[in-house]
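Data first, discussion second: the structure below is written as C-alpha cells.
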Amino acid sequence: MTGFAEHPTVMACNGKAIRTMEAGRAGARSKGCFTRPGDAGFARTILVLTALSGPALAQEAGAPTPTVVIYPGDVIRNDMIADSPQGGVRDGGGPFVEDRSLVVGKVARLTLLPGHAIPYAGVSNRKVVVNGAEVKLVYSEGGLLIMTEGVALQDGAIGDVVRVRNSDSGVTVSGAVQPDGSVKVGGG
C-alpha cells in the first residue's frame, strides 16, 4: 500500500490495528491484511473517497462568519453573521462554531472579524447577574419560600452557580442564577 503516508489513518484487520500512519511518515507493516487480491484496491478507493468527501461535506454545510467587526461585550445578532461555504479563515487552533444558532443571542468574548471563523471560546452566554449588583436570593422547599436581598460576588449567566453575600446576615452563599436574575439557593 503506497500513497497514503500523507493522510493520518489507522487500518484494522480482524479487529487488530496493524498500520498507523502519521502525516508524512508510514508506520507498521500492512501485508497479509487483505484476503483477496482485489481487496487492497477497494480499500484504497474507499480511503481516497472518504478523504475527498470530508472537505466537500464541510463546505456544503457552511459555517457562520461575522459580516461586521464584533467587539467583546457585543450581543451577536442574526444580521451580524452570514453562512460562509468555506467556513471562514481559521486563525489558530481549537474548535470553531459550525451552526449559527450557537452564536445568535450570545455575547462576544473576543473581537470577531469579518470573514473569519468564530471560535467557541470567542462567545459566551449573556451575564444576567453582575458582580457587585443587588440580587434577589430565593430559598424554596416544599411550601416554604424565603426571599431576601444579597450582593453578587461574581458575574453569572443563566444556570451558573455564583457566590452572593446575604445583605442581612453578611453570610456568603452559593446559588444558581435564574432567568429572572434571581439566585436560587438550596432547596428543591
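Which ranges mark the strands (runs of 3 or more DSSP E) fully within segment 93-158 that have 3 or more residues being among the β-branched types (Val, Ile, Thr)?
Values: elements: 127-129, 134-141, 144-152.
So the answer is 144-152.
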Restricting the search to segment 154-165, which residues are loosely packed, with under 15 Cβ neighbours inside 10 Å and of a type in the set (Val, Ile, Thr)?
-> Val161
Taking segment 166-183 and keeping only residues that are of a type outside the set (A, V, I, L, M, F, W, C), crowded, with 16+ Cβ neighbours inside 10 Å and assigned to a strand (DSSP E or B), one is left with Gly175
Val104: modelled with pLDDT of 90 or more, within 19 Å of Ile76 (Cβ to Cβ) and in contact with a helix residue (DSSP H, G or I) (Cβ under 7 Å, 6 or more places away or on another chain), yes or no?
-> yes
Pairs with Cβ under 9 Å, 6+ apart, first in segment 153-173 and in contact (Cβ under 8 Å) with a residue 24 or more places away in the chain, second basic (Lys, Arg) and part of a loop (DSSP other than H, G, I, E, B) | Ala157/Arg126; Ile158/Arg126
Looking at segment 115-153, which of its residues are buried (at least 16 other Cβ atoms within 10 Å of the Cβ) and over 26 Å from Arg163 (Cβ atoms)?
-> His116, Ala117, Ile118, Pro119, Gly122
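The values are calculated or read from the model by the stated rules, or taken from the named source; none is laboratory data. Everything numeric here is computed off the predicted structure, so don't read it as measured data. For neighbour counting, all protein chains shown are included, and Cβ atoms are generated from backbone atoms with ideal geometry for every residue, glycine included.
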